[in-house]
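Derivation of every value follows stated rules applied to the coordinates shown; laboratory data play no part. Since the model is a prediction, treat every value here as computed from it, not as a measurement. Positions of Cβ are backbone-derived with ideal geometry, glycine not excepted, and every protein chain shown enters the neighbour counts.
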Amino acid sequence: MGTALTTFTHTVQDQQKLGLRTVYSNPSHHIQIIFYSPNGLSIQLVDTISYREEVLQDGKSIGSKEVQVRYTAVLTPGATRWMVRVLQGDSAQ
């Protein structure tokens, strides 16, 4: 997660220097349980997420699009909560 956070932070900083801002709105989730192990030691979920992505430059819209992404997650139980072991995203379009 450290590398992902660093990449995200640099992207935001680069956009700010150019006067750009990205806005994500109208999110919706469709979550399905694909697999639950009989011994309760893992669960696999698929989440199809839809949202609108809009890019603003100096407060004015310069483009937008509808986005749909499908995430697959594998979770295992921890001491007090579920732990994400795998999280993988694919464009659903």
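Gln15 - would you say it is under 20 Å from Gly89 (Cα atoms), surrounded by 10 or more Cβ atoms within 10 Å (Cβ to Cβ), over 14 Å from the mean Cα position of the chain (by Cα) and not β-branched (Val, Ile, Thr)? Judged against the criteria, Gln15 is not a match.
Do we have Leu56 as part of a strand (DSSP E or B), touching a Ser or Thr at 6+ places or on another chain (Cβ under 8 Å) and not basic (Lys, Arg) here? Judged against the criteria, Leu56 is a match. The set of residues from the stretch 14-36 being at positive phi and assigned to a strand (DSSP E or B) comprises just one member, Asn26. Is it fair to say Arg85 is over 25 Å from Phe8 (Cα atoms) and more than 14 Å from the chain's Cα centre (by Cα)? Taking the combined requirement at face value, the residue does not satisfy it. Take Glu66 and decide whether it is acidic (Asp, Glu) and over 15 Å from the mean Cα position of the chain (by Cα). No; evaluated as a whole, the condition is false for this residue. Please verify whether the stretch 28-40 includes one or more residues that are without any contact (Cβ under 8 Å) to a residue 12 or more places away in the chain and either small (Gly, Ala, Ser) or surrounded by 14 or more Cβ atoms within 10 Å (Cβ to Cβ) (or both). Scanning the stretch 28-40, I find at least one residue that is without any contact (Cβ under 8 Å) to a residue 12 or more places away in the chain and either small (Gly, Ala, Ser) or surrounded by 14 or more Cβ atoms within 10 Å (Cβ to Cβ) (or both), so the answer is yes.
Exactly one residue out of Thr72, Thr76, Thr11, Thr48 is in contact with a His (Cβ under 8 Å, 6 or more places away or on another chain) and either assigned to a helix (DSSP H, G or I) or in contact (Cβ under 8 Å) with a residue 24 or more places away in the chain (or both), and it is Thr48.
Checked against (1) assigned to a strand (DSSP E or B); (2) within 21 Å of Val86 (Cα to Cα), Asn39 passes all but condition (1).
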